[in-house]
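The values are calculated or read from the model by the stated rules, or taken from the named source; none is laboratory data. Treat the numbers as computed from the prediction; the structure is a model and nothing was measured. Note: ideal-geometry Cβ built from the backbone for every residue, glycine included; neighbour counts use all protein chains shown.
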């Protein structure tokens, strides 16, 4: 935010005013179809591909409205992007690409001008005239996103589908222009593609921003070219399909791409000098925002008592800030809604305190000001969100230090705190901010720090079940599911804007996913979705038909009742990408099974306790006064591993699956239990 505020100040001071003129669109249109494309049945460079992208074009306009000098004022920038796809359907499996999904990220204000058509193998054309829907797409690992979706008409093997659309980005003033990229890689092989960028710039006396870019391209790929008019272009061919794997680093970190960087900070040959300048600028911006000492001393006197210890003061201030609305985690508001809310353009910690709400970064700086007013040593810190990319100081991309938090020193302890983040417990950062590099601000330009990485025991999924086994092999009873730490915080954030029915389905689906067979599950008690500090505890009725295999007077009971999530992980022989776990975590299962009358435990599997330095698995089955008691522990204690370690990790997960498939032998009558 420091760059946005500096830029607004510069514009007000330097430009006598602004006259707006609309930039011309690239006017995307359907392309002619060649006989060669119609006859194509395969692509030698993508053998077995169900479909390929014949041609793709991306035109991005970061200027949208061009600036000229006139009268004093600040405007929003109408940025947009035009995307065009032509896809050849090669196999029956490729027909799924007729169901088009256009993701709607948070920075996207809308998608319009959608036009689509199907070209049959004989060259005849069917125009799309159907409906376009907006719906939530659910992917693996609980990933959800909103997308525009529509179904292409009359798609057959051999058809070509093509469509184009315009993305309009959210109007948020000057700050929105500082992030642009071209993502070359796609789920499908791309035969040809063209990328164009019209950069944000001023036409007139002043040019306050400069543009540069970092290339992450395959060997042999040409570099982007800067044209006479200042725009940038890149034409590429034969881009390999991107392979998605479970537990891999952020996709955009791995894909072929070009990152564009707008900056008012000149590129330095010495990265340290660059970051010292950035650090000083951000320190000045933060200090200006928090510099309301008297107002903050008044405010903090209403939160803490003079007799409170420093840590008690910290916790009270943290809790008070968390009670305030963090608008970052609310559904996007229109400009009219924000005006009705009374949001002020020039805000300080004092105005945030008085209005009772603010963005995540504003609440964090408010906490910084309150902590200092309480006499506690506290520093502002900027870190990088590692859910989308990895931070590299040598790239000199100041925009990738995009999250702020507060470092507090008290009684010899360091606390990294983000009270502006929804549902973050005291002392626990959102996972995206943990274990990463950050810049601690001071007047000399700051210093690099490493945020804490919570141990696996701090973020747990606990499943405690009390079940009865019926003579037909069905398990039935109750399940208590508990989420703590980052496991709880993530679910609260993901479901924050959902209603009770949607949350109920979400939790029931979670239970279905961890049991490796069909089950009946009903949520009986919702957890506390609002308390950051408390674990999330949900109660269910659970029924697992046919879990036990009956064989006459004996029965076999698999011990891994809740091992479903590990059944299909790391099963492939080869691995392309590094392994990446978002945070360290544990799963703890405690299951008691009451046997039918007259049945006894005849044989128990031996306990297992396996550890591969950074991952662990333990399983125990015991006879507890005639009932079967199962305990299971699964532990992930590492963030990332290089691809070369995939073999041992895969072997470990095979041990986990084999352990979960072990069986307890139970028998009717008086058969003695044995180990």
Go through the residues of the stretch 623-631 one by one and say whether even a single one is without any contact (Cβ under 8 Å) to a residue 40 or more places away in the chain, surrounded by 15 or more Cβ atoms within 10 Å (Cβ to Cβ) and either on the phi < 0 side of the Ramachandran plot or in contact with a strand residue (DSSP E or B) (Cβ under 9 Å, 6 or more places away or on another chain) (or both).
-> yes
Candidates 498, 487, 508, 471 - the one that is at pLDDT 95 or above and either more than 13 Å from residue 539 (Cβ to Cβ) or touching a helix residue (DSSP H, G or I) at 6+ places or on another chain (Cβ under 9 Å) (or both) = 487
Taking the stretch 575-594 and keeping only residues that are surrounded by fewer than 18 Cβ atoms within 10 Å (Cβ to Cβ) and farther than 20 Å from residue 639 by Cα, one is left with 590, 592, 594
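For the stretch 397-482, which strands (runs of 3 or more DSSP E) that fit wholly inside it have 3 or more residues that are closer than 30 Å to residue 215 by Cβ?
Details: elements: 403-410, 413-417, 437-440, 447-450, 460-469.
Per the criteria, 437-440, 447-450.
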Any hit, the stretch 667-674, residues being in contact with a strand residue (DSSP E or B) (Cβ under 7 Å, 6 or more places away or on another chain), modelled with pLDDT of 95 or more and not assigned by TED's automatic domain parsing to the domain that holds residue 436 = no
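Among the residues of the stretch 213-235, are any in contact with a helix residue (DSSP H, G or I) (Cβ under 7 Å, 6 or more places away or on another chain) and farther than 19 Å from residue 373 by Cβ? Break it down into steps so the answer makes sense when it comes.
At the first step, the residues of the stretch 213-235 found to be in contact with a helix residue (DSSP H, G or I) (Cβ under 7 Å, 6 or more places away or on another chain) are 214.
Imposing the further condition that a residue be farther than 19 Å from residue 373 by Cβ reduces the set to 214.
So far as the stretch 213-235 goes, yes, one or more of its residues are in contact with a helix residue (DSSP H, G or I) (Cβ under 7 Å, 6 or more places away or on another chain) and farther than 19 Å from residue 373 by Cβ.
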Looking only at the stretch 439-451, which residues are out of contact with any strand residue (DSSP E or B) (no Cβ under 6 Å at 6 or more places or on another chain) and crowded, with 17+ Cβ neighbours inside 10 Å?
-> 445
Which one is nearest to the chain's Cα centre (by Cα) among residues in the stretch 377-396 that are part of a loop (DSSP other than H, G, I, E, B) and closer than 25 Å to residue 456 by Cα?
-> 387
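Residue by residue, here is whether (1) under 12 Å from residue 165 (Cα atoms); (2) at pLDDT 95 or above; (3) under 27 Å from the mean Cα position of the chain (by Cα) holds:
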{"position": "53", "(1), (2), (3)": "no, yes, yes"}
{"position": "64", "(1), (2), (3)": "no, no, no"}
{"position": "113", "(1), (2), (3)": "yes, no, no"}
{"position": "116", "(1), (2), (3)": "yes, yes, no"}
{"position": "131", "(1), (2), (3)": "no, no, no"}
Assuming residue 564 fulfils every condition listed in (1) within 30 Å of residue 667 (Cβ to Cβ); (2) more than 24 Å from the chain's Cα centre (by Cα) apart from one, which condition is it?
-> (2)
Screening 348, 334, 327 for residues that are closer than 20 Å to residue 425 by Cα, under 30 Å from the mean Cα position of the chain (by Cα) and either modelled with pLDDT under 95 or assigned by TED's automatic domain parsing to the domain that holds residue 493 (or both) leaves only 327
Per the filter on the stretch 615-667, residues touching a helix residue (DSSP H, G or I) at 6+ places or on another chain (Cβ under 9 Å) and in a helix (DSSP H, G or I) are 653, 656, 657, 660
Filtering helices (runs of 4 or more DSSP H) wholly in the stretch 241-310 for at least 2 residues that are touching a residue at least 24 places away in the same chain (Cβ under 8 Å) and within 29 Å of the chain's Cα centre (by Cα) gives 251-254, 271-290
Of the conditions (1) more than 25 Å from residue 239 (Cβ to Cβ); (2) modelled with pLDDT of 50 or more, the single one that residue 38 does not satisfy is (1)
Among the residues of the stretch 239-255, is any more than 30 Å from residue 49 (Cα to Cα) and at pLDDT 95 or above?
-> no
Residues in the stretch 590-610: is at least one under 29 Å from the mean Cα position of the chain (by Cα) and touching a residue at least 24 places away in the same chain (Cβ under 8 Å)?
-> no
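Could you tell me which of the residues 126, 146 is modelled with pLDDT of 95 or more and assigned by TED's automatic domain parsing to the domain that holds residue 235? Give the steps one after another, and end with the answer.
Details: 146 fails: modelled with pLDDT of 95 or more.
Every option except 126 fails the conditions.
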Specify which of the listed residues (487, 533, 498, 522) is surrounded by fewer than 17 Cβ atoms within 10 Å (Cβ to Cβ), in contact with a strand residue (DSSP E or B) (Cβ under 9 Å, 6 or more places away or on another chain) and in the same structural domain as residue 643 (by TED's automatic domain parsing).
-> 522
Filtering the stretch 209-235 for residues that are within 29 Å of the chain's Cα centre (by Cα) and either in the same structural domain as residue 387 (by TED's automatic domain parsing) or not in a loop (DSSP other than H, G, I, E, B) (or both) leaves a count of 7
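Does at least one position in the stretch 152-162 carry a residue that is at pLDDT below 95, surrounded by 14 or more Cβ atoms within 10 Å (Cβ to Cβ) and farther than 16 Å from residue 37 by Cβ?
no
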Restrict the check to the stretch 580-590 and report whether at least one residue is at pLDDT 95 or above and more than 28 Å from residue 429 (Cα to Cα).
-> yes
Within the stretch 314-330, restricting to residues that are touching a strand residue (DSSP E or B) at 6+ places or on another chain (Cβ under 8 Å) and outside any helix (DSSP H, G or I), the one that is surrounded by the most Cβ atoms within 10 Å (Cβ to Cβ) is 326
